[in-house]
Amino acid sequence: MARTGSDDRDDERTATIDIEAVRAKYREERDKRGGGRTYQFARGAFGHYARDPNAGPLEREPLTDEVDVAVVGAGIGGLLIGARLRESCDLERIRLIDAAGDVGGTWYWNRFPGVRCDVESYIYMPLLEELGTVPTEKYATGPEILAHLQAVARHYGLYRDALFQTSVTALHWDEAAGKWLVRTDRGDLFRARYVCMSIGLMHRPKLPSLPGLESFAGHSFHASRWDFAYTGGDSEGGLHKLRDKRVGVIGTGSTTVQIAPHLAEWSERLYVFQRTPAAVDVRGNRPTPPDWAADLAPGWQQRRMENFHALTSGLPQDEDLVRDRWTQTTAELAAAILPKADGPGDPRDMAAAAERADFLKMEELRDRIDGIIADPETAAALKPYFRLYCKRPCFHDGYLQTYNQPHVTLVDTQGKGVERLTRTGVVAGGTEYPVDCLVFATGYEHEFAVPYTSRAGYDIVGRDGLKLSEKWESGARTFHGLQVHGFPNCFILSKAQSGRHVNIAYMLNEQSKHLSYIVKSVEESGHRVVEASEAGEKEWVEEILRLATDSTDFLESCTPGLYNNEGKPGDLPALNSSYGGGSVEFVNILRRWREAGDLARLELR
Ligand code: NAP
């Protein structure tokens, strides 16, 4: 790789970094919080925070019919499963089931003002070539993505058998019939030959555990259940009913980065309660040029997705098709640990070189804040002191500017979070901030920390009465992260023991293609049932454990949060790790397995 002037400047800066001082500063920030669980789920007494504000009343008769495939989850994963099965198999009845009132998953629920995908739409929005669609912007809005997902459902005939506003309550395998029995909260009890699950990584809202939450008398809601009836406006903004309102937001993750500029524009007063500052890089959105799609050759979306996948996995490519901060930053961090033409330089090992490159990147983001924020105290409070991937990086070109407005206050809780709520306000650092409306942008239950069946809301009872909750009591056990011994004709899409990558839609597509290949092979073989063999599952689990990169040291150095189990990374089951050889290799393993054509480690009967 050629050396540039900026490489030399970075080298000069690198030479002056006191890495021990950096580590001490990061530790100091981390230790402000203490760690431990500070949230609760939007369930029970707080269940109304998870209620759907978009769906109207629904009355229908319970179903007792039979379908070929039941797909739990009608988000991107469920739609891709349906689409790929339609393309490869002759299965008439594919039934998507979702608690939401339509398809779309996260894009159904998240309609907050400013909602956009921060992964490029040309690689994130699935099946663009199949539908002949070109997104209107490099980073599409939530409504555009939702409309596309609805078009996918129409294109592949997935609405016909779909059940919305319906939650699965139990799945039982009937060995004699070779079918699944599916129960729902609408009284349905129907059969399915195959069941597939793509329930999402984060779909149940999380709330802070705050004294006084139940007695707060103002209006409050979770950002993923935006109450436009109260705020006015829509996903594009225009929150005109907030003109005379004092608004508070708790949380400063990707969601708040997108909503804060809109709340600032429309509210009388805005308080943003920050526990840990976000690392916010340049977004650089732009409309799709009119001639953008003119030269695209067939297969362009898959190639673009693979190019992004490789680059963001740190694998150098001849060209960078996406050219954004995801690809550029990973390339910079990866280049730091490649041998340089003029010798290895100062770093003695790859870990130290990576740490220095990370520091330089974070300094760039901290410098960016100084360049935008007028008040030095606010600028200092907004600076993130942790390694880049301790938290999900954020991208926005208007979030930081919000804090230059006189009616907007950043309430820096010094890592402690909000203390409590009163009837009329939020208390932080001993001061009460009066608010009429409080928005919880405090994230979701995450698959890292919450057992699968608990997040799903139902158990799966396989062959011989084996429950998935029991089988996975100490962590996932799978073959290729997709099938489970003892659970025939069942496919689970998740990150556990599977590929983990920032473009979730890409990985779901690869898993869906793989799943469809297996179902097609079973159908063509004349068999009715397919199950991962005990040996296949055992080998894969051993491989997962062998490759589980011990990232505990890194995670322990991070401020407590989602990725490190609120400061307790050691408590996360190693069995729930993604494939440690990297997601590129994971996809290759699936591809090679399909190419071998022998359905190795599967039992058909
Ligand atoms: P999040 O990333 O989990 O952030 C939650 C925020 O709430 C954090 O700032 C967290 O502080 C804070 N918080 C949590 N519990 C708290 C408590 N008890 N007291 C005070 N603060 C508390 O949630 P999110 O912003 O909704 O984003 C969720 C995920 O959605 C992201 O990881 C991202 O993958 C995805 N997302 C993607 C896009 C996109 O464009 N693709 C857009 C929005 C969201 P700490 O940092 O201190 O824990």
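The values are calculated or read from the model by the stated rules, or taken from the named source; none is laboratory data. Predicted, not measured: the structure shown is a model, and the values here were computed from it. FYI the Cβ positions are ideal-geometry reconstructions off the backbone, even for glycines, and counts take in every protein chain you see. The protein model used for the area step is the full one, side chains on, heavy atoms only, and it has no ligands, DNA or RNA in it. Shrake-Rupley method; radii C 1.70, N 1.55, O 1.52, S 1.80 Å.
Computed values, structure above
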read-out: Residue satisfying all of: in the stretch 399-411; open to solvent by less than 50 Å² (accessible area, probe 1.4 Å) and touching a helix residue (DSSP H, G or I) at 6+ places or on another chain (Cβ under 7 Å); farthest from the ligand (Cβ to nearest atom) among these; value: V408
read-out: Enumeration of residues in the stretch 592-605 that are in a helix (DSSP H, G or I) and either surrounded by 14 or more Cβ atoms within 10 Å (Cβ to Cβ) or touching a helix residue (DSSP H, G or I) at 6+ places or on another chain (Cβ under 7 Å) (or both); value: W593, R594
read-out: Some residue of the stretch 128-135 being outside the structural domain of L263 (by TED's automatic domain parsing), farther than 18 Å from D459 by Cβ, in contact with a strand residue (DSSP E or B) (Cβ under 7 Å, 6 or more places away or on another chain) and of a type in the set (D, E); value: no
read-out: Odd one out for E29, checked against (1) assigned to a loop (DSSP other than H, G, I, E, B); (2) crowded, with 16+ Cβ neighbours inside 10 Å; value: (1)
read-out: Residue check for F46: at pLDDT below 95, of a type in the set (F, W, Y) and closer than 30 Å to E556 by Cα; value: no
read-out: Among the candidates A55, A70, A74, A83, residue that is in the same structural domain as H148 (by TED's automatic domain parsing), within 27 Å of the chain's Cα centre (by Cα) and assigned to a loop (DSSP other than H, G, I, E, B); value: A74
read-out: In the stretch 226-245, the residues that are closer than 30 Å to E566 by Cβ and open to solvent by 20 Å² or more (accessible area, probe 1.4 Å); value: D227
read-out: Any chance L315 is outside the structural domain of R111 (by TED's automatic domain parsing), in contact (Cβ under 8 Å) with a residue 12 or more places away in the chain, part of a loop (DSSP other than H, G, I, E, B) and farther than 20 Å from L128 by Cβ; value: yes
read-out: Residue list for the stretch 549-586, filter: open to solvent by less than 30 Å² (accessible area, probe 1.4 Å), in a helix (DSSP H, G or I) and over 22 Å from T276 (Cα atoms); value: L575, S583, F586
read-out: Breaking point among (1) under 21 Å from S498 (Cα atoms); (2) without any contact (Cβ under 8 Å) to a residue 40 or more places away in the chain, for G430; value: (1)
read-out: Residues of the stretch 433-466 satisfying the condition of being within 16 Å of the ligand (Cβ to nearest atom) and of a type in the set (V, I, T); value: V435, V439, T442, V450
read-out: Options E59, E137, E87, E120; residue that is within 16 Å of the ligand (Cβ to nearest atom) and either open to solvent by 20 Å² or more (accessible area, probe 1.4 Å) or over 26 Å from D234 (Cα atoms) (or both); value: E137
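The rows are residues; the columns are (1) open to solvent by 50 Å² or more (accessible area, probe 1.4 Å); (2) more than 29 Å from T141 (Cβ to Cβ).
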residue: I372; (1), (2): no, no
residue: P393; (1), (2): no, no
residue: D397; (1), (2): yes, no
residue: G417; (1), (2): no, yes
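Listed here are the residues, each with its yes/no results for (1) assigned to a loop (DSSP other than H, G, I, E, B); (2) near the ligand (Cβ under 8 Å from one of its atoms); (3) touching a Leu at 6+ places or on another chain (Cβ under 6 Å).
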{"residue": "K241", "(1), (2), (3)": "no, no, no"}
{"residue": "V249", "(1), (2), (3)": "no, no, no"}
{"residue": "T252", "(1), (2), (3)": "yes, yes, no"}
{"residue": "V257", "(1), (2), (3)": "no, yes, no"}
{"residue": "A260", "(1), (2), (3)": "no, no, no"}
{"residue": "A264", "(1), (2), (3)": "no, no, yes"}
